Amino acid sequence: MRVTFLGGIRTVTGSATLLEKGSLKWLVDCGMFQGSKEHEERNWNLQAYQAKDLSFILLTHAHIDHSGLIPKLVKDGFGGKVICTKATLDLCEVMLQDSGHIQEMEAEWQNRKGKRAGKDEATPLYTVEDATKSLGHFQTVSYDEIFQLSDDVKVRFQDAGHILGSAIIEIWVEDAGGERKIVFSGDLGNSDQPLVRDPSIVEQGDFLWLESTYGNRLHKSREETIQELLKIVQEAIAHRAKVVIPAFAVERTQDIIYTLGQFIRKRSIPPIPIYIDSPLAISTTEIFKRNSDCFDQETKDLLSGGENPLDIPGIRYTQTTEESRAINEDQRSGVIISASGMCDSGRIQHHLKHHLWREESHIIFIGYQAEGSIGRRIIDGAKTVKLFGEEIAVKAHIHTLGGFSAHADQKGLLDWVSHIHNPDLHVFVNHGEEKVSLELGQLVSEQFHFKTTVPQWKEKRVLFGDEQEAIPEERPEEAIPPEELFSVLFNNLDRAYKRLRRKLKREKKKGESFYDPRHLKELEQVSKKLEELESEL
Ligand SMILES: [Zn+2]
Ligand SMILES: [Zn+2]
């Protein structure tokens, strides 16, 4: 039994693992890399396998960082089946087509630029048509149902409580040495989220792929988070200001709608306008309504009492760009929920442009902000950000509410792992930024004494069986070749240096236009520190 770690390795995007048992080859997840240019280039070079050799893709959930390359694989000759839950298929239908649309737009934009520079024509990674075609390969399974991939490999999907239809995948492999079980946590949900259920408990396993998005962080409790949100909205109402919430269409948009609905139902706030400004969020909210069997008990009770938790007074869904623009002409206070969640694209950028510089506005981050994203820069305290070629000052109140995250925090992850009773469990930590995965890995090995590995991108391993000869060498445990470590360090250093250069350039401009003694002091310190560093090197 062999595996290759293809994505979601020392990063949060591009989740994919190749599994091979004899001649049977399949993937668990087939996600798109997002964020840095260097990562995005990986989407084009899937050399680790031939798409046509794969029999299955087991899909944990619909998020693009897990499903986004399926249309590309189908385009490259994948003829097998994509196995997932029904809600995941429903969500993939809108999300993959939307992703195809984004790819087409991106290529078109490249071409407009490229033509002027005399470059070759760019082709999209895949098109809307490719995405639609790929949907024909999907086959759905129910939670808890055993599905046979071959005579000696069977799988089961269990609720991961992350988003609608999300799954933990268990794989049993029959081998000469007996049966072994491989578990993929997928993205694990935060417990006590409304709408979706809590993550299922897994008690057995020989190998575990464990996500680590928030492996070094603790969320505030749900109750505290709700109170914080209420306070922010009330304050905005008092100042006739707006609250802007960047959110992925299928991340916490529905959770926020539900929570604001509760505020209005309980009369904690008046029925202010709530704008859902993302066509994708509109379709996905419809999908939520269609898949109510996936809801938790609390939501089911609301529904059977005749209340739809996603229909609240004052809610406005905006489809067209004109409607979207009109939102900012409305002078009353209100809440705007818009995509993308990391502020790198989409309509949210218009709303940020309108509100970031206004002191009375509130911006609330509820989802994960990857390194390099605009959202991350705002959270990290950037004084200005560039939107549509214009520097916009960040003066609004900036909040992060981790309690609305769709991901378990460090405690949630460790609690979930604690249920597995097998002293010989081998844990592979994935789906997290490098230092976070390493930190969680260390905690897991200290607390539970499980063998723990944070794999390298493209690393191959023989998990068990008699296929040792097939791979000439296995990387020694945790021993990163020094030259690789150096190149990682150099790359990080190089990026940090470039960021510093850009910052200094901006500071220089500022310095030319006004004089601020405190600022001058800070700059002197930076300059001194740099000199020290240089002499040490
Ligand atoms: Zn996810
Ligand atoms: Zn993910």
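Taking the DSSP beta bridges with both ends in region 58-174, the antiparallel portion is around 75 percent.
Counting only heavy atoms of the protein chains and using a 1.4 Å probe, D90 has close to 20 Å² of accessible surface.
Restricting region 76-160 to GluC sites (Glu not before Pro) that sit in a DSSP loop and have at most 12 other Cβ atoms within 10 Å of their own Cβ leaves E121, E145.
Annotation: lysines with alpha-carbon distance below 30 angstrom to K509 (same-chain offsets under eight excluded): K37, K113, K353, K383, K386, K395, K498, K521, K528, K529. Taking only protein heavy atoms and a 1.4 Å probe, the accessible area of the chain is 50% carbon and sulfur. Using C-alpha pairs under 8 Å with a sequence gap of at least 6, the mean separation divided by the residue count of the chain gives a relative contact order of 16 percent.
With a threshold of 18 Å on the Cα-Cα distance, the over-threshold entries among K52/K181; K72/K181; K231/K266; K21/K460; K25/K460 are K52/K181; K72/K181. Computed across the chain, the Kirkwood radius stands at 24.8 Å (inverse of mean 1/r, all Cα pairs). Surface analysis of the chain yields an accessible area of 48 Å² per residue, using protein heavy atoms and a 1.4 Å probe. The GluC sites (Glu not before Pro) of region 296-380 that meet both conditions, a loop assignment by DSSP and at most 16 other Cβ atoms within 10 Å of the site Cβ, are E307, E359, E360, E371.
When DSSP beta bridges are restricted to pairs lying wholly in the chain, around 50% turn out antiparallel. With the helix formula -39500 (n - 2.57) applied to DSSP H stretches of n ≥ 4, the chain reaches a computed 222 nm mean residue ellipticity of -11500 deg cm²/dmol. Of the GluC sites (Glu not before Pro) found in region 188-274, those in coil by DSSP whose Cβ has at most 15 other Cβ atoms within 10 Å are E203. Solvent-accessible area of R506, all protein chains in place: 100 Å² (probe radius 1.4 Å, heavy atoms, ligands and nucleic acids excluded).
Of interest is the spacing of the C-alpha centroids, which for region 437-457 and region 252-286 amounts to 39 Å. Taking θ as phi - 60° and the Karplus parameters 6.51, -1.76 and 1.60, the scalar couplings of region 327-342 work out to 4, 7, 8, 6, 7, 6, 6, x, 10, 10, 10, 8, 9, 8, x, 9 Hz in sequence order, x denoting glycine and proline.
The values are calculated or read from the model by the stated rules, or taken from the named source; none is laboratory data. Every value quoted in this text rests on a predicted model; they were computed, and no experiment measured them. Here the Cβ is made from the backbone with ideal geometry for all residues, glycine too, and neighbour counts use every protein chain on show. Areas reflect the complete protein model, heavy atoms only, side chains present, ligands, DNA and RNA absent. Shrake-Rupley method; radii C 1.70, N 1.55, O 1.52, S 1.80 Å.
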